[in-house]
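The values are calculated or read from the model by the stated rules, or taken from the named source; none is laboratory data. Bear in mind the structure is a predicted one, so any value in this text is a computation, not a measurement. Virtual Cβ from ideal backbone geometry, glycine too; neighbours counted across all protein chains shown. Areas reflect the complete protein model, heavy atoms only, side chains present, ligands, DNA and RNA absent. Shrake-Rupley method; radii C 1.70, N 1.55, O 1.52, S 1.80 Å.
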Amino acid sequence: MIRKHFLVSGRVQGVGFRNFVHRQASELGIKGAVRNLKDGRVEILAEGPNDAMAIFEEAVRRGPRLANVTSLHSHIVPAGSTILDLDQVSGFEVYGDGEAPWLLDS
């Protein structure tokens, strides 16, 4: 299992990106959450098997048809380093703008 934090830039809001991420995660058995950020990026916290996460990351890099991903930053995060406790999440959640305080603890 691997847990990753993603920040996605480009035309990623208003194009169905969060629903795309949710669908990809659900199909791959990945749990986590996605939300829009005020600066126009999309933030994702996801956890799943290594092979599924590799496929997921490629899908996020591609995005849905109307999106244009210009950059994708990701890094592995240890358990307990996020406000959202993925051990308590059973599926993949989509949050609205400004919801879900699950940024990495700083």
Q: Please find, among 52, 59, 46, the residue that is part of a helix (DSSP H, G or I), modelled with pLDDT of 65 or more and surrounded by 18 or more Cβ atoms within 10 Å (Cβ to Cβ).
A: 52
Q. How do the pairs read when you match residues in the range 49-77 that are within 11 Å of residue 6 (Cα to Cα) with residues anywhere that are open to solvent by less than 100 Å² (accessible area, probe 1.4 Å) and of a type in the set (D, E, K, R), using Cβ under 6 Å and keeping only pairs 6 or more apart or on different chains?
A. 74/4; 76/4; 77/3
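For the range 18-29, give me each residue that is of a type in the set (S, T, N, Q) and open to solvent by less than 40 Å² (accessible area, probe 1.4 Å).
The one that is of a type in the set (S, T, N, Q) and open to solvent by less than 40 Å² (accessible area, probe 1.4 Å): 24.
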Q.
If I go through the range 1-49 residue by residue, how many of them are acidic (Asp, Glu), in contact with a strand residue (DSSP E or B) (Cβ under 6 Å, 6 or more places away or on another chain) and farther than 16 Å from residue 96 by Cα?
A. 1
Q.
Go through the range 18-42 and report how many residues are touching a Leu at 6+ places or on another chain (Cβ under 6 Å) and either on the phi > 0 side of the Ramachandran plot or assigned to a helix (DSSP H, G or I) (or both).
A. 1
Q) What are the residues in the range 1-17 that are surrounded by 21 or more Cβ atoms within 10 Å (Cβ to Cβ) and either β-branched (Val, Ile, Thr) or part of a helix (DSSP H, G or I) (or both), if any? A) 8, 12, 17
Q | In the range 62-96, residue farthest from residue 32 (Cα to Cα) [restricted to those that are modelled with pLDDT under 70 and open to solvent by 80 Å² or more (accessible area, probe 1.4 Å)] | A | 83
Q) Among the residues of the range 30-43, which ones are open to solvent by less than 60 Å² (accessible area, probe 1.4 Å) and either more than 14 Å from residue 92 (Cα to Cα) or touching a helix residue (DSSP H, G or I) at 6+ places or on another chain (Cβ under 8 Å) (or both)? A) 30, 31, 32, 34, 35, 36, 37, 40, 42
